[in-house]
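K.L.:
Sharing a structure with you now.
The values are calculated or read from the model by the stated rules, or taken from the named source; none is laboratory data. If you're wondering where the values come from, they're calculated on a predicted model, not measured in any experiment. Every residue, glycine among them, receives a Cβ derived from its backbone with ideal geometry; neighbour counts consider all protein chains shown. When the accessible area is computed, the model is the full protein with side chains, heavy atoms only, and any ligands, DNA or RNA have been set aside. Shrake-Rupley method; radii C 1.70, N 1.55, O 1.52, S 1.80 Å.
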Amino acid sequence: MRINVIQEDITKVKTPALVISLFQGTESLDDAASAIDSGLDGTIKQLINDGEIKGKEGELTLIHTFNKVGAERILVLGLGKEENFSANVIRNGMGDACRFLRTKGVESMATTLHGSISQELDPQTMSQAMTEGAMLGLYRFQEYFDEDSNSGLITEMSILSNRSDLTEPLQEGVKIGEIISRGTMLSRDLSSEPANIMTPSRMAEVAQQISDTNGLEINILERSDMEKLGMGALLGVAKGSYQPPKLIVLKYNGDPNNPSKNLGIIGKGITFDSGGISIKGASGMERMKGDMSGGASVLGAMQAIAELRPKVNVTGIVPATENMPGGQAQRPGDIVRAMNGKTIEIINTDAEGRLVLADALVYAREKMQVDKMVDIATLTGAIKVALGSLCTGVMGNDQEFIDLFINSSTTTGEQFWQLPMHDKYADGLKSTFANLRNTGSNGEAGSITAAKFIEAFVGDTPWIHLDIAGTARSESNVGYLVKGYTGVPVRTLVNLAISRES
Ligand code: BES
Ligand code: ZN
Ligand code: ZN
């Protein structure tokens, strides 16, 4: 989709569809809506008086203009209550509006700026949110459909502004929005690919392409490299699979004068989680192709960061392997030794994410010298019980870093909620035969127990764990999310990296 910023008389602009907007319960229309309303002989005001247009968030009303104004159709978008207005209202509204227009066969559209340009919502933030809403809301994964089903494509969106001084910041917002959306869509694509295609080797190829295109440092560790490093936890998981494991390492050096400032983002890359010998039930197992969504978000974020070129250093790591029950597979009761020397008794081979992360996090600290790190993982079914599909679970060992992270999320609309990390939660991880068990003893607080396990491998490095098992996938089209994988938390990871700019 091509997105441009243009300055033109709103009543004259020639377009198949023009999106305008209004707040809930509003008496007066903004300048853009007013001009259109005059052109339409007061139709919009009439619809408001009739109670058909209320301005509720996400409300869409289509009006055919019969050539009374330049646009063939006007789509009135409700913005909800003015006091709740934010970039996220715009992002969601544009997602809903664009998808709606696509079902009407519209291929090119225009939109006014929504709500008000204010301190909080500067023009750049506004157009970035509009761009993200349109691109992410229109996203479809169509790799495996016939060409026919590709019909209905919006190829152009014009953002109209009436002030020439806004053109530059609006264009900048579009540029940033495009980069961040493409990173998010890359993450969605990788998660949507089936596990017979998106193998650890294929993930490594994608990382290679990102590196080639953007000049990132890259290192792909093979099984033999992991053996030399003593990554027994990761290798134990990989044993049951025919597919060779890969540890993908990408580095963006945007601040070479400050090498000790190096943010690590580490994503679980289980390209299929059958559970291993502790095999999962058949129902819904196909969803476990998405168990590399954390890794996919790291690749998407690394691409976006490399294109945005902030003055920071970021290391992206993806421990990628399948979790399969092959003849060589590890068994419950097996004991493995992680890279930091700690021994782990495998109680349940389905608790494999924490095992691959254990070695990847030790590697991030010891070999890549990250000063702060975030891991992202579809780690526990329990997080869905706790937080549903709205919020990603946040856990960690450094409140200042957690606060910085959550602050970076506010403009993205991606939602997070912190869970407690009392040491008592680690009690069930004590093993009779090794330093640790890989699951708790009673199934309580499963998401926190998993985080406590990972904590045993992070040393004193400030660390955040994000459990995205509930948020990696959406069950419906809503706002800028479409049914399928969400690309969470690519946009917040990018913001976090930018927030560390010196
Ligand atoms: N990949 C799963 C977690 C998951 C569940 C992701 C649902 C997405 C949707 C993870 O590897 C797993 O199997 N976790 C177990 C842990 C248990 C054995 C302690 C779980 O949550 O049941
Ligand atoms: Zn599992
Ligand atoms: Zn898993």
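K.L.:
Are there any helices in the chain, counted as whole DSSP H runs, that stretch 18 Å or more along their axis by Cα and score at least 0.5 on average by Kyte-Doolittle, and if so which?
P.N.:
In the chain, the long hydrophobic H runs are 293-308, 353-366.
K.L.:
Also, I was wondering about something else. Return, for the Cα atoms of the chain, the radius of gyration and Dmax in Å, separated by a comma.
P.N.:
According to the Cα coordinates of the chain, Rg and Dmax are 24.3, 81 Å.
K.L.:
Still on this structure: With all protein chains present and a 1.4 Å probe, how do C391, C98 order by accessible area, largest first?
P.N.:
Largest to smallest exposure gives the sequence C391, C98.
K.L.:
I've got another one for you. Quote the Stokes-Einstein diffusion coefficient, in whole µm² s⁻¹, for the range 2-161, based on the Kirkwood radius over alpha carbon pairs, a temperature of 37 °C and a viscosity of 0.692 mPa s.
P.N.:
Estimated via Stokes-Einstein, D reaches 207 µm²/s.
K.L.:
Find the centroid of the Cα atoms in the range 413-434 and in the range 215-274, then give the distance between the two in whole Å.
P.N.:
Here the two parts' Cα centres lie 24 Å apart.
K.L.:
Once label points are set 7 Å from the Cα along Cα→Cβ at both F66 and Y242, what is their separation, rounded to one decimal in nm?
P.N.:
6.6
K.L.:
Under 14 Å from a point placed 7 Å out from the Cα of E156 along the Cα-to-Cβ direction: which residues of the range 72-86 have their backbone N that close?
P.N.:
Under cut-off, by backbone N: 72.
K.L.:
Subtracting the Cα-Cα distance from 0.36 nm times the residue separation, let me have the gained length for E52 to V13 in nm, one decimal.
P.N.:
So the extension gain works out to 11.5 nm.
K.L.:
Let me ask something else. What FRET efficiency would be calculated for the residue pair Q418, K367, taking the C-beta separation as r and a Förster radius of 41 Å, to the nearest 0.05?
P.N.:
So the FRET efficiency works out to roughly 0.90.
K.L.:
Follow-up. Using Cα pairs closer than 8 Å and at least 6 residues apart in sequence, work out the relative contact order for the range 2-161, in percent. It would help to have the intermediate numbers written out before the result.
P.N.:
Details: 291 pairs, mean separation 52.0, N = 160.
Relative contact order of the range 2-161: 32 percent.
K.L.:
Hey, what's the Cα Rg ratio for the range 79-232 versus the globular rule of thumb, 2.2 N^0.38 Å?
P.N.:
Numbers: Rg = 20.0 Å, N = 154, 2.2 N^0.38 = 14.9 Å.
Cα-based Rg divided by the globular estimate yields 1.34.
K.L.:
Right, something else. Roughly how many nanometres apart are two label points built 7 Å out from the Cα toward the Cβ at S164 and N253?
P.N.:
4.5
K.L.:
Remind me, relative contact order of the chain in percent, using alpha carbon pairs under 8 angstrom and six or more residues apart?
P.N.:
Once normalised by length, the contact order is 15 percent.
K.L.:
Here's another thing I want to ask about it. Simple spin-label model, 7 Å along Cα-to-Cβ: I279 to E143 in nm?
P.N.:
It is 2.6 nm.
K.L.:
Given the C-alpha centroids of the range 162-189 and the range 85-126, what is the distance between them in whole angstrom?
P.N.:
Using only Cα atoms to place each centre, the spacing works out to 12 Å.
K.L.:
Using 0.36 nm per residue, how much length does the chain from D31 to S224 gain when fully extended, once their Cα-Cα distance is taken away?
P.N.:
On the way: separation 193, 0.36 × 193 = 69.48 nm, distance 6.58 nm.
So the chain would gain 62.9 nm between D31 and S224.
K.L.:
So what are the range 292-427's ellipsoid semi-axes, whole angstrom, largest first, if each one is the square root of 5 times an eigenvalue of the alpha-carbon gyration tensor?
P.N.:
Values: eigenvalues 147, 77, 52 Å².
After diagonalising the Cα gyration tensor, the semi-axes are 27, 20, 16 Å.
K.L.:
Compute the FRET efficiency between S108 and S502 as 1/(1 + (r/R0)^6), taking r as their Cβ-Cβ distance and R0 = 41 Å, and round to the nearest 0.05.
P.N.:
0.45
K.L.:
Hey, what number do you get for the chain at 222 nm if only DSSP H runs of n ≥ 4 count, each worth -39500 (n - 2.57), divided across all residues, to the nearest 500?
P.N.:
-10500 deg cm²/dmol
K.L.:
Rank by packing, highest mean first: peptides 435-443, 244-252, with packing defined as the count of other Cβ atoms within 10 Å averaged across residues.
P.N.:
Result, highest mean Cβ count within 10 Å first: 244-252, 435-443.
K.L.:
So for each of 422-434, 38-50 I average, over its residues, the number of other beta carbons within 10 Å; can you give me the resulting order with the highest mean first?
P.N.:
Those peptides, ordered most packed to least, come out 38-50, 422-434.
K.L.:
Antiparallel DSSP bridges in the range 2-161: what percent, to the nearest 5?
P.N.:
The antiparallel fraction comes to roughly 25 percent.
K.L.:
Something else: Can you tell me the accessible area per residue over the chain, all protein chains present, probe 1.4 angstrom, in square angstrom?
P.N.:
41
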